[in-house]
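J.: Structure below; questions to follow.
The values are calculated or read from the model by the stated rules, or taken from the named source; none is laboratory data. What you see is a predicted model; the values in this text were computed from it and never measured. Positions of Cβ are backbone-derived with ideal geometry, glycine not excepted, and every protein chain shown enters the neighbour counts. For the accessible areas, the whole protein counts, side chains as well, though only heavy atoms, and no ligand, DNA or RNA atoms are used. Shrake-Rupley method; radii C 1.70, N 1.55, O 1.52, S 1.80 Å.
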2 protein chains.
Amino acid sequence: MITPYQKLKAIFAELAHYNYIQRIMTWDEAVMMPEGAGVLRAEALATLSTAIQKKLVSKKNKNLLTAAKQQGNLSFWDSANLNWMEKKYLHAACLPTKLVEKITKETLTCQQVWRKLRSQNHWREFLPHLKRVFKLTKEVAKRRSDALQLQPYDALLDEYAPGFNQKNIDEIFAGLKKAIPDLINQITQKQKNEHIKTPSGPFAIEKQKKLGLSVMRAMQFDFQHGRLDVSHHPFCDGNPLDVRITTRYNENEFLSALNGICHETGHGLYEQGLPREWIDQPVGRIDSMAMHESQSLLIEMQICCSLPFYQYVTPEIQHQFGQQDALTADNLYKLITRVQPGFIRVDADEVTYPLHVILRYEIEKKLFNDEVLVEDLPACWDELMQNYLGLSTKNNYQDGVMQDVHWPAGAFGYFPAYTLGRLIAAQLFATFIQSHPQFYAELKQGKFQSLHNWLQKNIYAHAASLPTNDLLMKVTGEPLNSVHFIQHIQKRYL
Amino acid sequence: MITPYQKLKAIFAELAHYNYIQRIMTWDEAVMMPEGAGVLRAEALATLSTAIQKKLVSKKNKNLLTAAKQQGNLSFWDSANLNWMEKKYLHAACLPTKLVEKITKETLTCQQVWRKLRSQNHWREFLPHLKRVFKLTKEVAKRRSDALQLQPYDALLDEYAPGFNQKNIDEIFAGLKKAIPDLINQITQKQKNEHIKTPSGPFAIEKQKKLGLSVMRAMQFDFQHGRLDVSHHPFCDGNPLDVRITTRYNENEFLSALNGICHETGHGLYEQGLPREWIDQPVGRIDSMAMHESQSLLIEMQICCSLPFYQYVTPEIQHQFGQQDALTADNLYKLITRVQPGFIRVDADEVTYPLHVILRYEIEKKLFNDEVLVEDLPACWDELMQNYLGLSTKNNYQDGVMQDVHWPAGAFGYFPAYTLGRLIAAQLFATFIQSHPQFYAELKQGKFQSLHNWLQKNIYAHAASLPTNDLLMKVTGEPLNSVHFIQHIQKRYL
């Protein structure tokens with residue numbers, strides 16, 4: 001007899017096929033699609049989304065979930081899988097189709113408007129659009145809140161960083177808020193008299209690509225199950241068996257593309273390392289942005305911003321671009337670890353970055369707790385920016401409140417995942433390096449195998465079978481905290 | 001009130017979205033997908049196919065079709081559209097799911113086995129697989145025959161060349177069978193003493209690509225709605241708003257890739273020229289392989305194998321690859337119009353090609369009329385090959401009965417479309433050139449606009465609103481016949 005749980009597994013396996021198709025079509029849109037197909041593509045993807053929603057949310061699935069939970073006798077993985085199934089069901093079922101359609105349309109418009117108005121620094125015209133998106137997002141939060149028994153803003157956080165909420169994030173961020181401003185002062189003071197040479201281009205794109213592919217191969221990226229391409233914004237998408245990562249190249253400067261490739265390779269390795277037997281089930285995929293970012297940032301920040309990495313990669317850089325004074329391991333390392341408070345989150349160094357996120361997190365909390373209105377965001381932003389980074393964004397909306405796509409896209413609650421990811425990465429790497437003190441010597445020679453094996457065994461193999469904090473307890477002996485990140489900053493910069 | 005026909009239009013529009021997704025995913029599989037994702041991709045596409053089949057074949061759609069036909073009062077286009085809807089429904093509905101699954105599996109296996117056994121010339125081991133595929137295809141033909149009220153083999157022909165059947169194909173092919181053997185004799189006699197120089201490579205792939213793109217632009221291919229890539233076998237897929245054409249390059253020889261690009265561009269221009277307001281409806285798409293091939297072959301054979309084309313393109317060729325004796329318009333034209341009977345259909349010149357198709361057509365007729373068994377195919381093939389082209393394929397299965405993928409793929413009834421396409425192309429071009437005698441002078445200068453405008457108005461704009469013979473009557477004043485093709489061969493070669 002086929003049990004209710006087995007029936008659910010078959011349904012979710014089919015949903016995984018649809019999801020794979022959706023992801024490749026999204027990749028194709030960003031990487032391959034000729035421009036004129038944009039409207040048709042959006043319509044076709046909307047048709048597919050509706051079909052997926054219908055397949056997921058049904059009376060039949062609801063009954064199967066109830067029956068499967070009563071069935072009992074499931075293995076650890078199956079039981080975790082059932083929990084994820086239910087969560088996915090609740091996340092989708094609590095939103096009426098009309099609301100989904102409305103917010104899809106409104107966020108699409110708001111993003112289009114944002115692209116234009118940001119460059120014009122035009123907050124006033126942007127405001128009514130953002131207000132509409134916020135109002136709808138608040139309704140989503142309210143409905144999710146009822147369905148998941150969480151506070152509204154927590155219900156949003158739960159989508160991007162399952163297991164985290166205002167309470168534990170507040171605690172974790174408190175440590176950062178306390179430590180970072182002092183660290184910035186000490187580090188900028190120390191770096192003041194450093195002499196850094198800027199590499200002079202052009203750096204041919206074909207050569208940048210060869211360099212990137214070589215680093216990916218060293219990192220154990222599996223090209224039988226993945227590829228590297230170009231898109232306007234770098235991303236990682238696809239499926240563990242078909243990982244698509246992208247970067248963008250700039251002829252005048254090669255470090256951004258290389259760093260982007262390292263970051264996306266971190267995502268890609270995580271995907272490729274997920275247990276094959278579970279990839280068509282919710283427990284086998286990583287929906288937690290915090291966890292996924294932890295793996296990309298572990299590679300990008302812990303590994304690829306270190307001196308031993310540059311000791312390994314500089315000869316390859318010289319091989320591609322020839323020799324020049326600026327292309328030494330020491331100089332490139334200094335360049336990549338330069339600390340300087342600035343307006344833009346995505347350009348921020350790893351020391352100031354968390355403050356950008358904390359600022360947004362605190363504003364979002366206030367928004368959802370009705371302590372601030374959308375129209376007050378610029379003032380609120382300016383105040384926090386002055387407090388945290390000593391910079392004024394008064395009347396400078398494009399470098400302030402209008403800089404990110406997240407809010408126009410309705411992705412409130414997303415930002416904390418970026419910093420949680422950095423903290424997870426630091427905490428994991430601290431444990432790894434303690435038991436693998438020889439790793440830096442290996443890294444100098446471009447050997448990533450011991451790190452890859454360790455991540456495979458301790459992180460990738462678990463997929464989503466454990467909540468993030470349980471996984472961290474198991475691997476590092478502690479729940480998530482900011483200590484290891486702060487120690488990492490001290491060690492690298494002071 | 002929404003009429004039954006309007007409801008059907010909405011359903012078919014949704015099916016068009018799925019079809020678009022299916023086509024891009026198929027393109028991605030051939031062009032982009034890393035090898036290791038093959039099995040997952042096949043499964044995902046099977047899930048999608050099943051969903052499409054379910055969406056198309058339903059009691060609801062059957063009732064809507066009946067009601068829409070009674071509704072009456074439809075415009076010419078709507079009425080043609082409704083006919084196509086019904087045809088698509090009948091084609092799909094007459095096959096039980098089990099049969100579809102069986103034949104999908106059996107043809108997949110047979111193609112895999114064929115790939116291996118062809119290179120080993122191993123007919124005996126291949127035979128049982130082909131027998132199983134033929135048996136299932138016969139069942140398909142029988143069911144289609146009942147549903148469409150056509151003879152079984154005609155029901156298969158109808159899928160690839162709607163409007164054509166054994167009766168009218170026999171008549172058309174009779175003219176070719178009579179004329180071609182003599183033509184081959186005269187032409188090979190005439191070409192005997194021609195001196196042709198072989199261009200000597202290598203021809204860098206990047207340069208071949210530049211050349212191809214330049215020709216595509218001259219031909220008015222719209223890159224806002226299409227692109228050119230590389231795959232193992234050249235094809236054209238996608239959607240009128242998102243046309244994906246591919247070619248393959250060989251460093252030692254550039255004419256094959258160029259010719260392939262011209263052929264696929266012909267398909268692509270047809271797609272891009274289809275009326276935008278109908279592209280999500282059956283009447284707006286070209287399911288007829290005969291019609292689609294007519295447009296690719298018109299470009300490839302009528303235009304791109306002509307001397308004026310080489311007069312235009314040779315300077316571009318020299319620009320890319322430098323000067324050499326073999327790279328003159330005259331020599332390249334001689335090279336591309338060399339006639340020589342051979343074993344392999346896909347390598348055949350345009351004079352001998354129709355005999356390759358007639359051979360297959362006659363064998364298929366005998367198979368479906370029980371006049372020959374699958375085990376007798378090699379003998380049957382050898383006999384016809386000796387009759388038509390004076391070549392023996394005795395014990396040479398790989399260059400004989402095992403050379404094409406069509407039969408292992410279950411695509412019986414497909415071959416005639418290739419030759420019908422050539423005849424349609426010749427007949428259309430004869431009409432065009434009569435009213436545009438200046439075209440060859442334009443072509444010499446790389447100007448395709450007058451041809452493009454004429455095809456746009458007379459062919460592309462009609463999409464599938466008219467049966468092929470009605471369209472030909474309207475444009476050329478005659479139903480399809482072999483006269484213009486034979487005249488074309490005489491004019492070009494004698």
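J.: Report yes if some residue within region A:205-213 is surrounded by fewer than 18 Cβ atoms within 10 Å (Cβ to Cβ) and touching an Asp or Glu at 6+ places or on another chain (Cβ under 7 Å); otherwise report no.
T.: Checked region A:205-213: at least one residue is surrounded by fewer than 18 Cβ atoms within 10 Å (Cβ to Cβ) and touching an Asp or Glu at 6+ places or on another chain (Cβ under 7 Å).
Residues checked against (1) under 25 Å from B:PHE173 (Cβ atoms); (2) at pLDDT below 95:
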{"position": "B:VAL405", "(1), (2)": "yes, yes"}
{"position": "B:ALA409", "(1), (2)": "yes, yes"}
{"position": "B:THR431", "(1), (2)": "yes, no"}
{"position": "B:GLN438", "(1), (2)": "no, no"}
{"position": "B:GLY446", "(1), (2)": "no, no"}
{"position": "B:LEU466", "(1), (2)": "yes, no"}
{"position": "B:ASP470", "(1), (2)": "yes, no"}
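J.: Hey, among the residues in region B:479-494 that are in a loop (DSSP other than H, G, I, E, B) and open to solvent by 60 Å² or more (accessible area, probe 1.4 Å), which one's modelled with the lowest pLDDT?
T.: Among those residues, the one meeting the criterion is B:LEU494.
J.: Considering only residues that are out of contact with any Leu (no Cβ under 8 Å at 6 or more places or on another chain) and either more than 16 Å from A:ALA93 (Cα to Cα) or at pLDDT below 95 (or both), look in region A:154-167 and name the one that is surrounded by the fewest Cβ atoms within 10 Å (Cβ to Cβ).
T.: Per the criteria, the residue is A:LYS167.
J.: Which residues, taken from region A:291-330, are open to solvent by 10 Å² or more (accessible area, probe 1.4 Å) and either touching a strand residue (DSSP E or B) at 6+ places or on another chain (Cβ under 9 Å) or on the phi > 0 side of the Ramachandran plot (or both)?
T.: Residues satisfying the conditions are A:HIS292, A:GLY322.
J.: Same structure again: List pairs: first in region A:65-93 and more than 16 Å from A:GLU159 (Cβ to Cβ), second among the charged types (D, E, K, R), Cβ under 7 Å, 6+ apart or cross-chain?
T.: From region A:65-93, the pairs are A:LEU65/A:GLU86; A:LEU82/A:LYS69.
J.: Which of the residues that make up region A:392-409 are in contact with an Asp or Glu (Cβ under 8 Å, 6 or more places away or on another chain) and either of a type in the set (A, V, I, L, M, F, W, C) or in contact (Cβ under 8 Å) with a residue 60 or more places away in the chain (or both)?
T.: Answer for region A:392-409, where residues must be in contact with an Asp or Glu (Cβ under 8 Å, 6 or more places away or on another chain) and either of a type in the set (A, V, I, L, M, F, W, C) or in contact (Cβ under 8 Å) with a residue 60 or more places away in the chain (or both): there is none.
J.: Of everything in region B:331-368 that's in contact (Cβ under 8 Å) with a residue 60 or more places away in the chain and touching an Asp or Glu at 6+ places or on another chain (Cβ under 7 Å), which residue is most open to solvent (accessible area, probe 1.4 Å)?
T.: Ranking the candidates gives B:GLN340 first.
J.: Is it the case that B:ILE279 is within 14 Å of chain A (Cβ to nearest Cβ), among the β-branched types (Val, Ile, Thr) and either open to solvent by 10 Å² or more (accessible area, probe 1.4 Å) or in contact with a strand residue (DSSP E or B) (Cβ under 7 Å, 6 or more places away or on another chain) (or both)?
T.: yes
J.: Return the residues of region A:1-18 that are touching a residue at least 40 places away in the same chain (Cβ under 8 Å) and either farther than 22 Å from A:ASP78 by Cα or within 24 Å of the chain's Cα centre (by Cα) (or both); say none if nothing qualifies.
T.: Answer for region A:1-18, where residues must be touching a residue at least 40 places away in the same chain (Cβ under 8 Å) and either farther than 22 Å from A:ASP78 by Cα or within 24 Å of the chain's Cα centre (by Cα) (or both): A:LEU15, A:ALA16, A:HIS17.
J.: Is there any pair linking a residue in region B:25-50 that is under 19 Å from B:GLU14 (Cβ atoms) and at the interface with chain A (Cβ under 7 Å from one of its Cβ atoms) to one that is assigned to a helix (DSSP H, G or I) and of a type in the set (D, E, K, R), with Cβ under 6 Å and at least six apart or on different chains, and which?
T.: Sorted first by the residue in region B:25-50, then by its partner, the pairs are B:THR47/A:GLU14.
J.: Okay, next question. Filter region B:51-62 down to residues that are more than 11 Å from every other protein chain (Cβ to nearest Cβ) and touching a residue at least 12 places away in the same chain (Cβ under 8 Å) and give me whichever is most open to solvent (accessible area, probe 1.4 Å).
T.: Only one residue tops the list, namely B:LYS62.
J.: I'm checking my understanding of the structure. Among residues of region B:256-265 that are open to solvent by less than 10 Å² (accessible area, probe 1.4 Å) and touching a Ser or Thr at 6+ places or on another chain (Cβ under 6 Å), which one is nearest to the other protein chains (Cβ to nearest Cβ)?
T.: Per the criteria, the residue is B:ILE261.
J.: If you don't mind, there's one more thing I want to ask. From the list B:VAL133, B:VAL113, which residue is aliphatic (A, V, I, L, M) and in contact with a Ser or Thr (Cβ under 7 Å, 6 or more places away or on another chain)?
T.: B:VAL133
J.: Suppose we keep only residues that are among the aliphatic types (A, V, I, L, M) and away from chain B (no Cβ under 13 Å) within region A:1-24. Which one would you say is most open to solvent (accessible area, probe 1.4 Å)?
T.: My answer is A:MET1.
J.: If you go through region A:220-236 one residue at a time, do you hit one that is more than 14 Å from every other protein chain (Cβ to nearest Cβ) and among the aliphatic types (A, V, I, L, M)?
T.: no
J.: If we scan region B:232-255, do we find a residue that is more than 29 Å from B:PRO34 (Cα to Cα), crowded, with 20+ Cβ neighbours inside 10 Å and touching a residue at least 40 places away in the same chain (Cβ under 8 Å)?
T.: no
J.: Further, regarding this structure: Among (1) part of a helix (DSSP H, G or I); (2) buried (at least 18 other Cβ atoms within 10 Å of the Cβ), which single condition is B:LYS457 missing?
T.: Every listed condition holds for B:LYS457 apart from (2).
J.: Somewhere in region B:388-396, is a residue of a type outside the set (S, T, N, Q) and assigned to a helix (DSSP H, G or I)?
T.: yes
J.: Follow-up question, since we're still on this one. Among the candidates B:VAL140, B:VAL100, which residue alone is within 24 Å of the chain's Cα centre (by Cα), open to solvent by less than 30 Å² (accessible area, probe 1.4 Å) and in contact (Cβ under 8 Å) with a residue 24 or more places away in the chain?
T.: Only one candidate qualifies: B:VAL140.
J.: Would you check which residues across region B:39-50 are open to solvent by less than 20 Å² (accessible area, probe 1.4 Å) and either among the small types (Gly, Ala, Ser) or within 21 Å of A:MET32 (Cα to Cα) (or both) and list them?
T.: Those that are open to solvent by less than 20 Å² (accessible area, probe 1.4 Å) and either among the small types (Gly, Ala, Ser) or within 21 Å of A:MET32 (Cα to Cα) (or both): B:ARG41, B:ALA44.
J.: Could you check region B:191-218 and list, in sequence order, the residues that are at pLDDT below 95 and over 29 Å from B:VAL351 (Cα atoms)?
T.: none
J.: Can you pull out every residue in region A:172-182 that is within 16 Å of A:LEU423 (Cα to Cα) and surrounded by 13 or more Cβ atoms within 10 Å (Cβ to Cβ)?
T.: A:ILE172, A:PHE173, A:GLY175, A:LEU176, A:LYS177, A:ALA179, A:ILE180
J.: Would you call B:SER450 hydroxyl-bearing (Ser, Thr, Tyr), surrounded by fewer than 16 Cβ atoms within 10 Å (Cβ to Cβ), free of Cβ contacts under 8 Å to residues at least 12 places away in the same chain and more than 22 Å from B:GLU478 (Cβ to Cβ)?
T.: So B:SER450 does not fit the description; no.
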